[in-house]
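**Q** The structure that follows is given in the form of C-alpha coordinates.
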Amino acid sequence: MTTQPFSSLAKPWYQRPSVSVAPEGFDALLADTVALLRRAATHAPCVFASSLSAEDMLLFHLINRERIAIHTFALDTEKLPPATLTLWAAAESRYGATIERITPDVAGLQGLAQTQADSAIYESIAARELCCTVRKTEPLRRMLTGKAAWVTGLRRAQSAGRASVPAQVWDAGFGLEKFNPLADWSDEALWYFIDREDIPVSALYATGYASIGCEPCTRPIRFDEHPRAGRWWWEAAADPGVGTSSECGIHVAHKDVVGSVQ
Ligand code: SF4
(Lines give C-alpha, C1' and ligand atoms only; values in the text may rest on other atoms or scores of the structure.)
Protein backbone atom coordinates (compact mmCIF):
# COMPACT_ATOMS: atom_id res chain seq x y z
CA MET A 1 0.00 0.00 0.00
CA THR A 2 0.93 3.65 0.05
CA THR A 3 4.25 4.85 1.39
CA GLN A 4 2.91 8.25 2.46
CA PRO A 5 4.00 8.98 6.05
CA PHE A 6 1.64 9.80 8.86
CA SER A 7 1.86 10.41 12.60
CA SER A 8 0.83 8.44 15.70
CA LEU A 9 3.11 5.54 14.77
CA ALA A 10 3.44 4.42 18.40
CA LYS A 11 -0.25 3.55 18.78
CA PRO A 12 -1.86 0.17 17.99
CA TRP A 13 -3.60 -0.36 14.70
CA TYR A 14 -7.36 -0.30 14.26
CA GLN A 15 -8.99 -3.69 14.63
CA ARG A 16 -12.41 -4.31 13.18
CA PRO A 17 -15.12 -5.48 15.65
CA SER A 18 -15.58 -9.16 16.31
CA VAL A 19 -19.19 -9.69 17.43
CA SER A 20 -20.56 -13.16 18.16
CA VAL A 21 -23.99 -12.17 19.54
CA ALA A 22 -26.62 -10.41 17.47
CA PRO A 23 -26.95 -6.73 18.42
CA GLU A 24 -30.33 -5.75 19.84
CA GLY A 25 -32.93 -5.36 17.11
CA PHE A 26 -30.77 -7.04 14.50
CA ASP A 27 -33.48 -9.25 12.98
CA ALA A 28 -35.72 -6.24 12.34
CA LEU A 29 -32.78 -4.29 10.93
CA LEU A 30 -31.99 -7.10 8.50
CA ALA A 31 -35.64 -7.46 7.46
CA ASP A 32 -35.88 -3.72 6.82
CA THR A 33 -32.70 -3.82 4.74
CA VAL A 34 -33.95 -6.64 2.53
CA ALA A 35 -37.30 -4.87 2.16
CA LEU A 36 -35.53 -1.68 1.06
CA LEU A 37 -33.46 -3.59 -1.48
CA ARG A 38 -36.65 -5.08 -2.88
CA ARG A 39 -38.21 -1.61 -3.04
CA ALA A 40 -35.11 -0.31 -4.86
CA ALA A 41 -35.46 -3.10 -7.42
CA THR A 42 -38.95 -1.87 -8.31
CA HIS A 43 -37.26 1.27 -9.70
CA ALA A 44 -35.98 -0.56 -12.74
CA PRO A 45 -33.36 -0.44 -14.01
CA CYS A 46 -31.66 -0.35 -10.61
CA VAL A 47 -27.92 -0.80 -10.19
CA PHE A 48 -25.69 -1.38 -7.17
CA ALA A 49 -22.39 0.51 -7.07
CA SER A 50 -19.97 -1.73 -5.20
CA SER A 51 -16.55 -0.65 -4.04
CA LEU A 52 -15.85 -4.15 -2.66
CA SER A 53 -15.94 -2.65 0.84
CA ALA A 54 -17.24 -4.73 3.74
CA GLU A 55 -20.57 -2.90 3.46
CA ASP A 56 -20.78 -3.58 -0.24
CA MET A 57 -19.86 -7.24 0.14
CA LEU A 58 -22.73 -7.55 2.63
CA LEU A 59 -25.14 -5.99 0.13
CA PHE A 60 -23.81 -8.17 -2.70
CA HIS A 61 -24.43 -11.17 -0.43
CA LEU A 62 -28.02 -10.12 0.24
CA ILE A 63 -28.78 -9.28 -3.39
CA ASN A 64 -27.62 -12.73 -4.46
CA ARG A 65 -29.03 -14.65 -1.48
CA GLU A 66 -32.46 -13.06 -1.89
CA ARG A 67 -32.28 -13.10 -5.72
CA ILE A 68 -33.12 -9.41 -5.98
CA ALA A 69 -33.08 -7.96 -9.50
CA ILE A 70 -30.34 -5.38 -8.99
CA HIS A 71 -27.31 -5.34 -11.29
CA THR A 72 -23.93 -4.91 -9.57
CA PHE A 73 -21.00 -2.96 -10.93
CA ALA A 74 -17.73 -1.56 -9.58
CA LEU A 75 -15.46 1.23 -10.75
CA ASP A 76 -12.03 -0.04 -11.67
CA THR A 77 -10.01 3.15 -11.29
CA GLU A 78 -6.86 1.27 -12.32
CA LYS A 79 -5.51 2.32 -8.91
CA LEU A 80 -7.15 -0.36 -6.79
CA PRO A 81 -5.03 -2.34 -4.33
CA PRO A 82 -4.26 -5.97 -5.31
CA ALA A 83 -6.34 -7.19 -2.34
CA THR A 84 -9.43 -5.55 -3.85
CA LEU A 85 -8.84 -7.22 -7.21
CA THR A 86 -8.34 -10.57 -5.48
CA LEU A 87 -11.61 -10.11 -3.58
CA TRP A 88 -13.41 -9.12 -6.78
CA ALA A 89 -12.54 -12.44 -8.42
CA ALA A 90 -13.27 -14.41 -5.25
CA ALA A 91 -16.70 -12.79 -4.86
CA GLU A 92 -17.70 -13.55 -8.43
CA SER A 93 -16.64 -17.16 -7.90
CA ARG A 94 -18.38 -17.51 -4.56
CA TYR A 95 -21.73 -16.16 -5.76
CA GLY A 96 -21.58 -17.18 -9.39
CA ALA A 97 -22.43 -13.59 -10.28
CA THR A 98 -20.59 -10.93 -12.22
CA ILE A 99 -19.57 -7.56 -10.84
CA GLU A 100 -19.47 -5.47 -14.00
CA ARG A 101 -16.15 -3.65 -14.40
CA ILE A 102 -16.55 0.03 -15.30
CA THR A 103 -13.30 1.68 -16.39
CA PRO A 104 -12.28 5.30 -16.96
CA ASP A 105 -12.57 6.80 -20.42
CA VAL A 106 -9.32 6.19 -22.32
CA ALA A 107 -9.14 9.75 -23.62
CA GLY A 108 -9.80 11.02 -20.10
CA LEU A 109 -6.88 9.00 -18.74
CA GLN A 110 -4.63 10.26 -21.51
CA GLY A 111 -5.63 13.84 -20.75
CA LEU A 112 -5.01 13.27 -17.05
CA ALA A 113 -1.53 11.89 -17.74
CA GLN A 114 -0.72 14.91 -19.91
CA THR A 115 -2.03 17.32 -17.28
CA GLN A 116 -0.38 16.03 -14.12
CA ALA A 117 1.95 13.43 -12.67
CA ASP A 118 0.54 10.70 -10.45
CA SER A 119 2.17 12.38 -7.45
CA ALA A 120 0.25 15.62 -8.08
CA ILE A 121 -2.69 14.30 -6.04
CA TYR A 122 -0.60 14.82 -2.90
CA GLU A 123 0.28 18.39 -3.87
CA SER A 124 -3.06 20.05 -4.55
CA ILE A 125 -6.71 19.34 -3.88
CA ALA A 126 -7.54 20.36 -7.44
CA ALA A 127 -5.19 17.72 -8.82
CA ARG A 128 -6.66 15.08 -6.53
CA GLU A 129 -10.19 16.06 -7.50
CA LEU A 130 -9.30 15.90 -11.20
CA CYS A 131 -8.01 12.35 -10.72
CA CYS A 132 -11.23 11.39 -8.90
CA THR A 133 -13.32 13.00 -11.62
CA VAL A 134 -11.62 11.08 -14.43
CA ARG A 135 -11.31 7.76 -12.62
CA LYS A 136 -14.55 7.75 -10.60
CA THR A 137 -17.13 10.45 -11.13
CA GLU A 138 -17.31 10.43 -14.92
CA PRO A 139 -17.37 6.61 -15.22
CA LEU A 140 -20.06 6.55 -12.54
CA ARG A 141 -22.10 9.20 -14.34
CA ARG A 142 -21.79 7.18 -17.55
CA MET A 143 -22.99 4.04 -15.74
CA LEU A 144 -25.91 5.77 -14.03
CA THR A 145 -27.20 7.44 -17.18
CA GLY A 146 -30.58 5.98 -18.09
CA LYS A 147 -30.99 4.18 -14.75
CA ALA A 148 -33.95 4.73 -12.45
CA ALA A 149 -32.19 4.02 -9.15
CA TRP A 150 -28.86 3.14 -7.62
CA VAL A 151 -27.86 1.45 -4.38
CA THR A 152 -24.82 2.20 -2.22
CA GLY A 153 -23.36 0.89 1.02
CA LEU A 154 -23.23 4.23 2.84
CA ARG A 155 -23.73 4.11 6.60
CA ARG A 156 -24.34 7.01 8.99
CA ALA A 157 -21.81 5.57 11.42
CA GLN A 158 -18.97 5.85 8.92
CA SER A 159 -18.22 9.54 9.40
CA ALA A 160 -19.61 12.86 10.58
CA GLY A 161 -20.12 13.78 6.95
CA ARG A 162 -22.38 10.76 6.47
CA ALA A 163 -24.30 11.20 9.74
CA SER A 164 -27.44 12.34 7.93
CA VAL A 165 -27.42 9.80 5.10
CA PRO A 166 -31.06 8.89 4.34
CA ALA A 167 -32.20 5.37 3.50
CA GLN A 168 -33.79 6.70 0.32
CA VAL A 169 -33.38 10.04 -1.40
CA TRP A 170 -33.69 11.70 -4.79
CA ASP A 171 -30.14 12.09 -6.06
CA ALA A 172 -30.32 15.42 -7.82
CA GLY A 173 -26.67 15.25 -8.86
CA PHE A 174 -27.15 12.16 -11.00
CA GLY A 175 -30.89 12.44 -11.58
CA LEU A 176 -32.21 9.18 -10.15
CA GLU A 177 -33.42 7.62 -6.91
CA LYS A 178 -30.70 6.63 -4.46
CA PHE A 179 -30.99 3.89 -1.87
CA ASN A 180 -28.67 3.42 1.11
CA PRO A 181 -30.00 0.22 2.72
CA LEU A 182 -27.25 0.13 5.37
CA ALA A 183 -27.80 3.71 6.55
CA ASP A 184 -28.87 2.49 10.01
CA TRP A 185 -26.26 -0.23 10.41
CA SER A 186 -23.73 0.07 13.25
CA ASP A 187 -20.21 -1.27 13.02
CA GLU A 188 -21.25 -4.10 15.34
CA ALA A 189 -24.22 -5.13 13.20
CA LEU A 190 -22.08 -5.01 10.05
CA TRP A 191 -19.33 -7.26 11.34
CA TYR A 192 -21.70 -9.57 13.23
CA PHE A 193 -23.54 -10.38 9.98
CA ILE A 194 -20.35 -10.68 7.94
CA ASP A 195 -18.97 -13.25 10.35
CA ARG A 196 -22.30 -15.06 10.77
CA GLU A 197 -22.77 -15.48 7.02
CA ASP A 198 -19.06 -15.95 6.27
CA ILE A 199 -19.17 -13.11 3.76
CA PRO A 200 -15.83 -12.57 1.99
CA VAL A 201 -14.12 -9.24 2.72
CA SER A 202 -10.78 -7.64 1.84
CA ALA A 203 -7.73 -9.04 3.61
CA LEU A 204 -6.76 -5.43 4.34
CA TYR A 205 -9.33 -5.25 7.17
CA ALA A 206 -7.00 -7.54 9.13
CA THR A 207 -4.08 -5.14 8.78
CA GLY A 208 -5.43 -1.88 10.18
CA TYR A 209 -7.57 -0.67 7.30
CA ALA A 210 -11.07 0.55 8.17
CA SER A 211 -12.00 2.08 4.80
CA ILE A 212 -10.49 0.95 1.52
CA GLY A 213 -10.33 2.83 -1.76
CA CYS A 214 -7.60 3.47 -4.31
CA GLU A 215 -4.16 2.32 -3.22
CA PRO A 216 -2.44 5.74 -3.35
CA CYS A 217 -5.20 7.34 -1.27
CA THR A 218 -5.78 4.76 1.44
CA ARG A 219 -3.78 3.98 4.55
CA PRO A 220 -4.35 1.93 7.69
CA ILE A 221 -5.48 3.81 10.79
CA ARG A 222 -4.66 3.70 14.47
CA PHE A 223 -7.26 2.49 16.93
CA ASP A 224 -8.25 5.99 18.03
CA GLU A 225 -8.63 7.49 14.56
CA HIS A 226 -11.92 7.91 12.75
CA PRO A 227 -12.70 5.10 10.25
CA ARG A 228 -12.45 7.55 7.34
CA ALA A 229 -9.18 9.06 8.61
CA GLY A 230 -7.22 6.80 6.28
CA ARG A 231 -8.64 8.46 3.16
CA TRP A 232 -6.90 11.49 1.60
CA TRP A 233 -5.35 12.12 5.03
CA TRP A 234 -2.65 14.46 3.76
CA GLU A 235 -5.25 17.13 2.91
CA ALA A 236 -6.24 17.43 6.57
CA ALA A 237 -2.60 17.27 7.64
CA ALA A 238 -1.74 20.17 5.31
CA ASP A 239 -4.63 22.32 6.48
CA PRO A 240 -6.31 21.10 9.69
CA GLY A 241 -8.72 24.01 9.44
CA VAL A 242 -10.53 22.55 6.47
CA GLY A 243 -10.37 18.94 7.62
CA THR A 244 -10.17 15.98 5.29
CA SER A 245 -12.82 15.66 2.61
CA SER A 246 -13.05 11.88 3.18
CA GLU A 247 -15.22 11.88 0.06
CA CYS A 248 -14.29 11.93 -3.60
CA GLY A 249 -17.38 13.72 -4.87
CA ILE A 250 -19.53 10.86 -6.05
CA HIS A 251 -21.62 10.96 -2.90
CA VAL A 252 -21.93 14.71 -2.71
CA ALA A 253 -25.10 15.03 -4.72
CA HIS A 254 -26.96 17.38 -2.42
CA LYS A 255 -26.14 19.46 0.59
CA ASP A 256 -25.91 16.36 2.76
CA VAL A 257 -23.03 14.12 1.88
CA VAL A 258 -24.44 11.07 0.21
CA GLY A 259 -22.53 8.42 -1.69
CA SER A 260 -19.84 5.69 -1.32
CA VAL A 261 -18.18 4.23 -4.26
CA GLN A 262 -15.46 4.68 -1.66
S1 SF4 B 1 -9.00 8.08 -4.80
FE2 SF4 B 1 -6.91 8.78 -5.35
S3 SF4 B 1 -6.13 7.43 -7.01
FE4 SF4 B 1 -8.37 7.10 -6.76
S5 SF4 B 1 -9.30 8.41 -8.29
FE6 SF4 B 1 -9.25 9.63 -6.38
S7 SF4 B 1 -7.26 10.73 -6.36
FE8 SF4 B 1 -7.18 9.15 -7.99
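The values are calculated or read from the model by the stated rules, or taken from the named source; none is laboratory data. Since this is a predicted model, take the numbers as computed values, not measurements. Because the Cβ atoms are built from the backbone with ideal geometry, glycine has one as well, and the counts that use them run over all protein chains shown. Areas reflect the complete protein model, heavy atoms only, side chains present, ligands, DNA and RNA absent. Shrake-Rupley method; radii C 1.70, N 1.55, O 1.52, S 1.80 Å.
**Q** So for the chain, if I pair up every lysine 8 or more residues apart or on another chain, how many of those pairs have alpha-carbons under 25 Å apart?
**A** Summing the qualifying lysine pairs gives 7.
**Q** Run the 1.4 Å probe and let me know the accessible area of ARG196, rounded to the nearest 10 Å².
**A** Number for this one is 110 Å².
**Q** Over the chain, what is the relative contact order in percent, taking alpha-carbon pairs closer than 8 angstrom and at least six residues apart?
**A** 28
**Q** Could you check the spin-label model distance between THR145 and LEU30? Points 7 Å from the Cα along Cα→Cβ, value in nm.
**A** The two pseudo-label positions are separated by 4.1 nm.
**Q** Which of the trypsin sites (Lys or Arg not before Pro) found in region 19-109 are loop residues per DSSP with 10 or fewer other Cβ atoms within 10 Å of their Cβ?
**A** ARG67
**Q** To continue, here is another question. Mean residue ellipticity at 222 nm from the helices of the chain, using -39,500 (n - 2.57) per DSSP H segment of n ≥ 4 over the full residue count, to the nearest 500 deg cm²/dmol?
**A** My calculation for the chain gives -9500 deg cm²/dmol from helical runs alone.
**Q** Return the long-range amide H neighbours of THR72 (sequence gap of 5 or more, or a different chain), with a cut-off of under 5 Å between placed amide H atoms.
**A** PHE48, GLU100
**Q** Between THR207 and ASN64, how high is the FRET efficiency from 1/(1 + (r/R0)^6) when r is the Cβ-Cβ distance and R₀ = 25 Å? Nearest 0.05.
**A** So, using R0 = 25 Å, E works out to roughly 0.40.
**Q** Roughly speaking, what is the stretch gain from THR98 to ALA236, that is 0.36 nm per residue apart minus the C-alpha to C-alpha distance, in nm to one decimal?
**A** Separation in residues times 0.36 nm, less the Cα-Cα distance, equals 46.0 nm.
**Q** Short version: ³J(HN,Hα) in whole Hz for each residue of region 195-207, in order, from phi by Karplus 6.51 cos²θ - 1.76 cosθ + 1.60 (θ = phi - 60°), x for Gly and Pro, what are they?
**A** So the Karplus estimates, Gly and Pro as x, are 6, 4, 9, 6, 7, x, 9, 4, 5, 5, 5, 8, 10 Hz.
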